[in-house]
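Taking it in order: structure first as structure tokens, then the write-up.
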Amino acid sequence: MHTNSYYAATRNDVAGFPQLREDIRVDVAIIGGGFSGVSAAVELVERGYTVAVLEAQQIGWGATGRNGGQITGSLSGDKAMVREFRKTVGEDADTFVWNLRWHGHDIIRKRVEKYGIQCDLKFGQMQTAMTQSHMAELSQIHDEGQARGMGEHLSFLTAAEVGDRLESDLYCGGLLNTKNMHVHSLNLCLGEARAAEAAGARIFEQSKVTKIDHGTTPKVHTEHGTVTANSVLIAGNAYHLLEQKTLGGALFPASLGIMATEPLGADADKINPDDLAVYDSRFVLDYYRLTADKRLLFGGGTNYSGRDTDDIAAELCPALERTFPRLKGVQIEYQWSGIDGIIINRIPEVGKISDNVFYVQGFSGHGIALTHVLGEIMAEAIAGQLNQFEVFANVRHLRLPFGRSMGSQLIALGMIYYKLLEKFR
């Protein structure tokens, strides 16, 4: 069953997909029914491949169906990406990373249009500043966007101009981006899954993979069936423990807490009249947006220890009420948590376990657009086009010699340092 989230309660598609109960043969087996796996499935069936997707729970059950729904050009590992990607693309690394920021937007927008996916896709997002150092950082982003031809989408705002768009006195400025989007993320994933299925993909839920037989023709095992395939893609992110001899020690879970208010009616247009998605510029930030039925969806306070918060609303309501005093005492109708996969250098980990078993994992909190880009790159790699795949595969990742729990504790300690550093920004 899906978690008790706003997304699950308002999903368009409740029919579900069957469990694998037979032995089948396809070109590509994909393990994981979130954005990265489903997006790769769409890319592959559009190229003419036969595909099976194996999801241990339900399509979109993990972080894909639990996130803040913001599709932005933010990359938490952007500086590390430029440094690492230079090994493969040289001086073009900056441009490669810039294009990486925005390509996922185009994939999503075109796919929603092509397949008529009903997912409340809207344009308009603001990154807000709470200090003058934040303003300087946003100014740099604005100037780079102007230099790279995105000027029509970017507006650098003063505190007064932010106040025209948000009924909040927390911010001293902001960067408005009309290319960025927000979306009902679970409906997007379910719509993409149905598009893949209509094109010939076979999609299975409640079909947890127990092992992979490697070889010339790999075989993927579940409790009640098998999939024999020419290629396998492991795309389970933080929700699987497959092939830990190769994949262990690089990805660590972080718990994300989100809540949704009761419908706000006319108050929604007062606090956010332009219907923008918003996040602030702190290391550990708050983010929010309005839903189609005028609720405020509000998240923040990522728990990098990997442990779920006992009472998400109690933790987040003070931040919500500081942001929008009008909403003091508002009823919270949904609260939920999810697990995101954090990579130490914040660059998604991509590679091969064997000649025809690929993997992709670790989107570090910026996954909606990036999963779609990596879905395309993994499909290209399976089809034999390795140029972009190798850019990621050549990245040097630190692997810690102990389990996820200890790794998460170390990342949590690191984030304490960054919270302290925030006081001096």
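Check which residues have an amide H placed less than 5 Å from D286's amide H, if you skip close sequence neighbours.
Result for D286 returns D280.
Roughly how compact is region 1-46, stated as its Cα Rg over 2.2 N^0.38 Å to two decimals?
Details: Rg = 13.4 Å, N = 46, 2.2 N^0.38 = 9.4 Å.
Ratio of Rg to 2.2 N^0.38 Å for region 1-46: 1.43.
Across 5 Å bins from 0, what is the distribution of all Cα-Cα pair distances for region 228-374, in whole percents?
Each 5 Å bin holds this share of Cα pairs: 2, 9, 17, 18, 15, 12, 10, 8, 5, 3, 1, 0.
How much of the accessible area of region 219-266, in percent, comes from carbon and sulfur atoms when a 1.4 Å probe is used? Could you put the intermediate results ahead of the total?
Numbers: 800 of 1550 Å².
Carbon and sulfur atoms account for 51 percent of the accessible area of region 219-266.
Taking amide H positions as placed in the peptide plane 1.01 Å from N, state which residues far from G351 in sequence (5 or more) or on other chains have amide H under 5 Å from it.
Amide H neighbours of G351: Y359.
Please compute the contact order of region 200-268 in relative form: average sequence separation of alpha-carbon pairs under 8 Å and at least six residues apart, divided by the residue count, as a percent. Show your work: numbers first, answer last.
Working: 46 pairs, mean separation 11.8, N = 69.
Reported as a whole number, the value is 17 percent.
Using 28 Å as the Cα-Cα cut-off, could you pick out the over-long pairs in K114/K270; K179/K328; K122/K352; K179/K270; K208/K352; K179/K294?
Distance filter (> 28 Å) returns K114/K270; K179/K328; K122/K352.
Can you give the FRET efficiency for Q132 and N230, using 1/(1 + (r/R0)^6), R0 = 60 Å, r = Cβ-Cβ distance, to the nearest 0.05?
Values: r = 56 Å, r/R0 = 0.93.
Once rounded, the FRET efficiency stands at 0.60.
When all protein chains stay in place, what accessible area (Å², nearest 10, 1.4 Å probe) is found for V232?
Result for V232: roughly 0 Å² accessible.
Which value, in Å² and to the nearest 10, is the accessible area of E321 when all protein chains are kept and the probe is 1.4 Å?
50
Given Cα pairs under 8 Å that are at least 6 residues apart, what percent is the relative contact order of the chain? Please report the intermediate quantities before stating the final value.
Numbers: 929 pairs, mean separation 104.1, N = 425.
Relative contact order comes out at 24 percent.
Taking region 50-135 on its own, what percent of its Cα-Cα pair distances exceed 20 Å?
Counting pairs separated by more than 20 Å, the tail of P(r) holds 59 percent.
Which whole-Hz ³J(HN,Hα) couplings does region 118-132 yield from phi under the Karplus relation 6.51 cos²θ - 1.76 cosθ + 1.60, θ = phi - 60°, glycine and proline marked x?
Values, residue by residue: 8, 9, 6, 5, 9, 10, x, 8, 10, 9, 9, 10, 10, 9, 5 Hz.
Using only Cα atoms, what Kirkwood radius does the chain have, in angstroms? If you can, show how the numbers build up before the last one.
Numbers: mean 1/r = 0.0456 Å⁻¹.
With all distinct Cα pairs of the chain included, I get 21.9 Å.
I need to check one value: relative contact order of region 43-125, counting alpha carbon pairs closer than 8 Å and at least 6 residues apart, in percent. Kindly include the intermediate steps, with their values, before the conclusion.
Working: 25 pairs, mean separation 19.6, N = 83.
It comes to 24 percent, rounded to a whole number.
Give the calculated FRET efficiency between S139 and D23 to the nearest 0.05, with a Förster radius of 56 Å applied to their Cβ-Cβ distance. Please list the in-between numbers first.
Working: r = 59 Å, r/R0 = 1.05.
Efficiency at R0 = 56 Å is approximately 0.45.
Can you tell me which aspartates and glutamates have their Cα less than 17 Å from the Cα of K245? Leave out same-chain residues fewer than eight positions away.
The reachable aspartates and glutamates, counting only those whose Cα sits under 17 Å from K245, are D213, E349, D355.
Roll a 1.4 Å probe over the protein heavy atoms and report the accessible area of V373 in Å², nearest 10.
The accessible area comes out at roughly 0 Å².
Whose amide H sits under 5 Å from the amide H of E333, counting only residues 5 or more places off or on another chain, with H placed in the peptide plane?
A260, T261, E262
Using the alpha-carbon atoms, what tilt in degrees (0 to 90, nearest 10) does helix 367-382 show relative to the longest principal axis of the chain?
20
With each label point set 7 Å from Cα along the Cα-Cβ vector, what nm distance links S155 and E223?
Going by the 7 Å Cα→Cβ label model, 5.4 nm.
Through the Karplus equation 6.51 cos²θ - 1.76 cosθ + 1.60, θ set to phi - 60°, convert the phi angles of region 163-175 into ³J(HN,Hα) values in whole Hz; use x for Gly and Pro.
Karplus values, whole Hz, x for Gly and Pro: x, 6, 10, 9, 7, 8, 10, 6, 10, 9, x, x, 10.
Residue by residue through region 37-46, what is 3J(HN,Hα) from phi via Karplus (6.51 cos²θ - 1.76 cosθ + 1.60, θ = phi - 60°)? Round to whole Hz and write x for glycine and proline.
With coefficients 6.51, -1.76 and 1.60, one gets x, 5, 4, 4, 4, 4, 4, 6, 5, 5 Hz.
Assuming 0.36 nm per residue, please report the length gained on full extension of the stretch E321 to E333 beyond their Cα-Cα distance.
Numbers: separation 12, 0.36 × 12 = 4.32 nm, distance 1.57 nm.
Value of the extension gain: 2.8 nm.
Could you calculate the FRET efficiency of R396 with E91 from 1/(1 + (r/R0)^6), where r is the beta carbon distance between them and R0 is 25 Å, rounded to 0.05?
Working: r = 19 Å, r/R0 = 0.77.
Efficiency computed from Cβ-Cβ geometry: 0.85.
Average projected area of the Cα convex hull of region 291-373, in nm²? Write down the numbers at each step before the final one.
Numbers: hull surface 32.1 nm².
Across all orientations, region 291-373 yields a mean hull projection of 8.0 nm².
For the chain, find the longest principal axis of its Cα atoms and tell me its angle to the long axis of helix 312-323, 0 to 90°, nearest 10.
40
Could you estimate the translational diffusion coefficient of region 78-190 from the Stokes-Einstein equation, with Rh from the Kirkwood formula over C-alpha pairs, at 20 °C and 1.002 mPa s, in whole µm²/s? Before the final figure, lay out each step's value.
Working: Rh = 16.0 Å.
Roughly 134 µm²/s, to the nearest whole number.
Starting from the Cα-Cα distance between N4 and T210, subtract it from 0.36 nm times their residue separation and give me the gain in nm to one decimal. It would help to have the intermediate numbers written out before the result.
On the way: separation 206, 0.36 × 206 = 74.16 nm, distance 2.68 nm.
Taking N4 through T210 to full extension adds about 71.5 nm, to one decimal.
Name the lysines eligible as straight-distance cross-link partners of K79: C-alpha to C-alpha under 20 Å, and not fewer than 8 places from it in the same chain.
Partners within reach: K87, K419.
The values are calculated or read from the model by the stated rules, or taken from the named source; none is laboratory data. All of these numbers come straight from a predicted model, not from anything done at the bench. Backbone-built Cβ (ideal geometry, glycine too); neighbour counts: all protein chains shown. Accessible surface is based on the protein model in full, side chains and every heavy atom, while ligands, DNA and RNA are left aside. Shrake-Rupley method; radii C 1.70, N 1.55, O 1.52, S 1.80 Å.
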